[in-house]
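Okay, so here's the structure we're looking at.
A short reminder: the numbers here are calculations on the coordinates, not readings from a lab. Remember, it's a predicted structure, so these values are computed and weren't measured experimentally. All Cβ positions, glycine included, derive from the backbone under ideal geometry; neighbour counts span all protein chains shown.
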Amino acid sequence: MLNLRHSIIAIAAIAAVAVPTAYAHRAWLLPSSTVVSGDDNWITVDAAASNDLFFLDHRPLSQMPLVFQPDGSAGKVENHHVGQFRATFDVHLQQQGTYRIAILSDTVLGRYTLNGEVKNLPRGTTRETLAAAVPAGATNVETAEMTSRNEIYVTQGAPTTTIFKPTNRGIEMVPVTHPNDLISGEAATFQFLLDGKPAAGLTVTVIPGGIRYRDALHEITLTTDASGKVTVKWPNPGMYWMNVTQGAPREEGPGAGAPQGGPRPMGPLTRRVNYMTTLEVLAP
Amino acid sequence: MQIRFSGIAVAAIGAGLFPGAAHAQTLELTINVPRLKVAEYHKPYVAVWIEKEGATPRTLSIWYDQAKAKGEGTKWLRDVRQWWRAAGRAGKFPADGVSGATRAPGAHKLTLTGGRGAMPALTPGKYKLHVEAARETGGREMVTLEFNWDGKAASARGAGTAELGAVTLTLKR
């Protein structure tokens, strides 16, 4: 028992090192525009983790983002620069429709015992590389999956939905209201999927930017209904950060509950899934 | 207002959504662009569009910086934000018979004929005609005129307080 507790603490420690932004600070992507007209525009994006939204007071999100173009093809990240407080990059918009810009993370954290020595899985281990990352003869394999999606949407011209085609991994948004069609005073409905299925009971937190200049957080906390949907009524125009998490830890995977001391089946002990976005709400 | 009439545009725009009108309707619209005492003045982008409940809103006119190289003037169309959402983003600009250059302060008269150019032939019912102005380094304002078209005559007037002056319309057949 002591052993197990020890390893859970260790995993928590690993998690804190590997993805500090998921817990200690809010990770965000802030686009210079979300609704643009014409057929040849640039946008620039700040990528950072901070306490106050959207102020640069902590660390950059240094991971290279991905760009999904309206026609489904991969776009280019240009002028990527990682500074002390933020990463910045530009995206050249040349197609009509909605772009998705994402920082995705789908990793396995964990540790194992080999020849009496406890070792951590190498950083960047994924489900695909997990089998290769655990050497033969390893025992007490403990793993935790972390699937995190931080993405924003930008529309040139009329909104489109090609880029919302789910990948069926982690938490994903399906627009009922298009996220680039949000107006103060109106209500917007979004559906969330977990691994491709409508996810009931997810916790959705919406926080308006500009935290530094007010006393109260003014957060809106919602829970997805049976069909995975929430409806948000926007109190004011501005940029909002939205975070979607599972309210309670997922049931333990096959790595849990095995007898201590002997070889343990490999598999996810726990899984953490997370979705973040920044939404621009325009004035009516 | 330089409206170029295009037969193809008439067929494409006029058909379907406001069906059934037979006789020519004349819409006269006067838009006052106020003279403003500001340090940096740019002529406003102005959009005019018409809405009937249950039908797709239709752009009647959009004044923007058309002359800019490589269509760069279209970059700011989204700042005429209510129009952009209602009708603008569904269109392509420049558009024949719809887009024109920005205009200086003063009274500007538009005469549109139902079923020609951008102007659909109107079936009887309740309409809203919106005029929205957005000015670079300045403000934005929308004036909405509501009228009931009985097939014979209608008129409406309104006024802005900042970016638009008086706006009047008369519609007759």
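A few comments on the model shown:
- Partners of residue B:43 within straight-line reach, counting lysines whose Cα lies under 16 Å from its Cα and excluding those fewer than 8 residues away in the same chain: B:68, B:75.
- Most to least packed among A:177-188, B:130-141 [average Cβ atoms within 10 Å]: B:130-141, A:177-188
- If you take the Cα centroid of region A:31-99 and the Cα centroid of region B:96-139, the two points sit 36 Å apart.
- Listed residue pairs exceeding 32 Å between alpha carbons, taken from A:233/B:52; B:52/B:92; A:233/B:109; B:37/B:109: A:233/B:109
- For B:78-86, mean number of other protein chain Cβ atoms within 10 Å: 4
- Only Cα pairs under 8 Å and 6+ residues apart enter the sum, and on that basis the relative contact order of region A:20-77 stands at 26 percent.
- Loop sites in region A:24-98: trypsin sites (Lys or Arg not before Pro), DSSP, at most 14 other Cβ within 10 Å: A:76
- Proximity of backbone amide H atoms, modeled 1.01 Å from N, is registered between residue A:202 and A:224 at under 5 Å, excluding neighbours fewer than 5 places apart on the same chain.
- For residue A:272, the residues whose modelled amide H falls within less than 5 Å of its own, excluding neighbours fewer than 5 places apart on the same chain, are A:145, A:146, A:147.
- Peptide A:32-40 is shielded by partner chain Cβ atoms: per residue, an average of 6 of them sit within 10 Å of its Cβ.
- Within the straight-line cut-off of under 16 Å between alpha carbons, none of the lysines are reachable from residue A:119, sequence neighbours fewer than 8 places apart in one chain being disregarded.
- Residues of type aspartates and glutamates that residue B:126 reaches as a straight line, Cα spacing below 20 Å, ignoring anything fewer than 8 places off in the same chain: B:28, B:51, B:53, B:146, B:150
- Gaussian network model of chain B, Cα within-10 Å springs - most flexible of B:88, B:115, B:151: B:151
- Relative contact order of region B:24-172, taken over Cα pairs closer than 8 Å and 6 or more residues apart, is 34 percent.
- Alpha-carbon centroid distance for the pair region A:180-211 / region B:24-41, whole angstrom: 40 Å
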